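Read through the structure below, which is laid out as structure tokens, and then see the notes.
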Amino acid sequence: MGSQAAKPFKESLGRLGVLLLPSLKMKSLSTRGKTYEQELHDFLVANFSGYTVASGNIAGFWKDSKGRQHYGEHMEYRVGFLSEEKIPLLENFISELARDLDEESIFWETGEDAWLIYAKNRQPS
């Protein structure tokens, strides 16, 4: 079979993180001249070596703290973390992105836990 060691059958990408972002807003331009989609792409590739995105029939329904019902269509981003030390880096980016998109919060899931990450400098209403 040769003298090279066999590659492993599988390789861990670490813990999984999933976030849902408003699909139409992600296509709009930021104040930096790129789409938010492109900015997120650049951030995830630079800091996490990659990601997966799904779009289509991803819809969410929720009630806010005042009992108002909301609906949104989303893009689902999935990213693997080899080091949990990088999770706060992404959570901070998500908080800034929520602010820039004028979203109160962004749905964020890690492992079995689900979270709302609130927009930077904004409290839940």
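Tabulated data
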{"quantity": "Cross-link partners of K25 among lysines (Cα-Cα below 28 Å; sequence separation of 8 or more within a chain)", "calculated": "K34, K63, K66, K86, K120"}
{"quantity": "The stretch 24-118, relative contact order in percent, only Cα pairs under 8 angstrom and at least six apart counted", "calculated": "18"}
{"quantity": "Estimated dipole of the stretch 24-118 in Debye, rounded to 20 [Cβ of Lys and Arg +1, of Asp and Glu -1, Cα centre]", "calculated": "340"}
{"quantity": "The stretch 54-125: GluC sites (Glu not before Pro) falling in loop per DSSP and having at most 14 other Cβ within 10 Å", "calculated": "E112"}
{"quantity": "Degrees separating the helix 36-48 axis from the principal Cα axis of the chain, which is the longest one", "calculated": "40"}
{"quantity": "For the chain, alpha-carbon Rg and Dmax in angstrom", "calculated": "17.0, 67"}
{"quantity": "Degrees separating the helix 87-100 axis from the principal Cα axis of the chain, which is the longest one", "calculated": "30"}
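Read-outs: derived from the displayed coordinates by stated rules, not from any lab. Remember, predicted model here, so these are calculated numbers, not experimental data. So basically every Cβ, Gly included, is an ideal-geometry build from the backbone, and we count neighbours across all protein chains shown.
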